[in-house]
Amino acid sequence: MKFAKLAVLATAMAVTPIAANAQDVGATVYGNDDAPIGTVEANADGIVTVNTGKHAAPLPANLLAEREGKWTVNATKAQIDGMMDQQVAQANAARDAALTEGATVMSADGMPAGVIYTVDSEDTVIVKNDGGIVTLTREAFATDANGQLMALYSMEQLTANTTAVPEGAEILTPAQAAAKAAESEDTAGASE
């Protein structure tokens, strides 16, 4: 009889880790304050992505536990959003430091995509390559683990959106073109 109880306990223990990592998409995750943190968006490769309404927070699946029929994590929504805010700020600071004229840009799939030609005050970025230019926003860039600047698009997507530039043409972002036009009007008005 003791052996049978031990066998059942061993089987239950063997099944527990699998169940603890089986959070379903759409399930609500609660914090240690019993308030909802968010909803499971994805569960893959040991990472449960929880949408907090502000962030898609990647949480290691082994940090989630089932308690009283609910998935919980030992943190509050405010703590998780705060950690994510800090990570986003650090990633943005690294991106902004790397996003300078002349910086080499890689595509999201690791191909050389060109160099930063200009960045304007409106956060428009022009990448110049052998085929012409691609106009993107600051948010379309990130840095990889090595600090390398990369566009968040594949080389195929970047190539499809490259615009050829005629020889000798001036390359300006819309904000730069507007500033130049305003300067020209000011200069013309002052000379009259």
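The values are calculated or read from the model by the stated rules, or taken from the named source; none is laboratory data. Quantities reported herein were computed from a predicted structural model and do not represent experimental measurements. Glycine gets a Cβ as well: all are built from the backbone with ideal geometry, and neighbour counts include every protein chain shown. The area values use the complete protein model at the heavy-atom level, side chains included, leaving out ligands, DNA and RNA. Shrake-Rupley method; radii C 1.70, N 1.55, O 1.52, S 1.80 Å.
General remarks:
- When the stretch 136-155 is filtered for residues that are surrounded by 17 or more Cβ atoms within 10 Å (Cβ to Cβ) and among the polar types (S, T, N, Q), only Thr143 remains.
- The set of residues from the stretch 80-105 being of a type in the set (S, T, N, Q), closer than 15 Å to Asp144 by Cβ and open to solvent by less than 80 Å² (accessible area, probe 1.4 Å) comprises Asn92, Thr104.
- Filtered residue count, the stretch 54-79, keeping only those that are open to solvent by 60 Å² or more (accessible area, probe 1.4 Å), under 14 Å from Ala27 (Cα atoms) and within 22 Å of the chain's Cα centre (by Cα): 0
- Selection from the stretch 42-53 of residues that are open to solvent by 50 Å² or more (accessible area, probe 1.4 Å) and either under 15 Å from the mean Cα position of the chain (by Cα) or within 14 Å of Lys77 (Cα to Cα) (or both): Asn51, Gly53
- Residue list for the stretch 132-157, filter: over 14 Å from Ala94 (Cα atoms) and in contact with a helix residue (DSSP H, G or I) (Cβ under 9 Å, 6 or more places away or on another chain): Val134, Thr135, Leu136, Leu152, Tyr153
- Of all residues in the stretch 21-32, those satisfying the criterion of being open to solvent by less than 80 Å² (accessible area, probe 1.4 Å) and either within 13 Å of Lys70 (Cβ to Cβ) or over 23 Å from the mean Cα position of the chain (by Cα) (or both) are Asn21, Ala22, Gln23, Ala27, Thr28, Val29, Tyr30, Gly31, Asn32.
- Count of the stretch 36-87 residues which are of a type in the set (Lys, Arg) and at pLDDT below 95: 2
- Filter result for Lys128 (under 30 Å from Gly31 (Cα atoms) and not aliphatic (A, V, I, L, M)): no
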